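A short reminder: the numbers here are calculations on the coordinates, not readings from a lab. From a predicted model like this one, the values you see are computed outputs, not experimental measurements. A quick note on method: Cβ atoms are made from the backbone with ideal geometry, for glycine too, and the neighbour counts reach across all protein chains shown.
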Amino acid sequence: MTRAWNTIVGHFGGLLAGAIGVILAGAASQPAVLVDHVVTPQRVLASVIAIALAAIMGGLLRASHPPAAATTLLVSLGSLRTIEDGVNLMAGVLVLTAVASLLRDVRMHRLTPGERMAPRDSYVRRFLRSRVG
């Protein structure tokens, strides 16, 4: 499972990289690909720049998170255009990351059926615990 750092920084970096790609390619006034079904050279260039920047940022910040590439493409292809869209996306990322972290903690502290059935000080329980932890 990925770390919360990777998820949050990866998606935020994707938003930032997408915006920079759009600015550098001059694609802000171009139609949104997923809405208008029109692919312009500016949107393609913005996407290439954005993905490259997101990959570089992820490596430098040690926050590699491949699903964040979708966020980068949503921005560079024109589906996320406003700051409000970015804030809403990041709010969703934060909520999902918090829930995933809680579920991960519950899962990591769960006893297996073999551990529950084995006597507390048995060799079997110690063996099972040593393989998990």
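General remarks:
- Once the C-beta distance of Ser122 and Ser64 is scaled by a Förster radius of 41 Å, the resulting FRET efficiency is 0.50 to the nearest 0.05.
- Range of Cα positions in the chain per principal axis (Å), largest first: 69, 25, 22
- Viscosity 1.306 mPa s, temperature 10 °C, Stokes-Einstein D of the range 1-67 from Kirkwood C-alpha radius, µm²/s: 128 µm²/s
- Relative to the current alpha-carbon distance between Ala4 and Val106, full extension at 0.36 nm per residue lengthens the span by 35.1 nm.
- Net length available on complete extension from Thr40 to Ile83 is 13.2 nm, with 0.36 nm assigned per residue and the Cα-Cα distance removed.
- The chain, helix-only ellipticity at 222 nm - DSSP H runs n ≥ 4, -39,500 (n - 2.57), divided by all residues, nearest 500: -23000 deg cm²/dmol
- For His65, His37, His11, order by how many other beta-carbon atoms lie within 10 Å, fewest first: His37, His65, His11
- Fewest-first ranking of Leu73, Leu94, Leu16, using other Cβ atoms within 10 Å as the exposure measure: Leu94, Leu16, Leu73
- Span-rule helices in the chain, defined as complete DSSP H runs reaching 27 Å or more along the axis (Cα) with Kyte mean at least -1.0: 4-25, 41-60, 83-108
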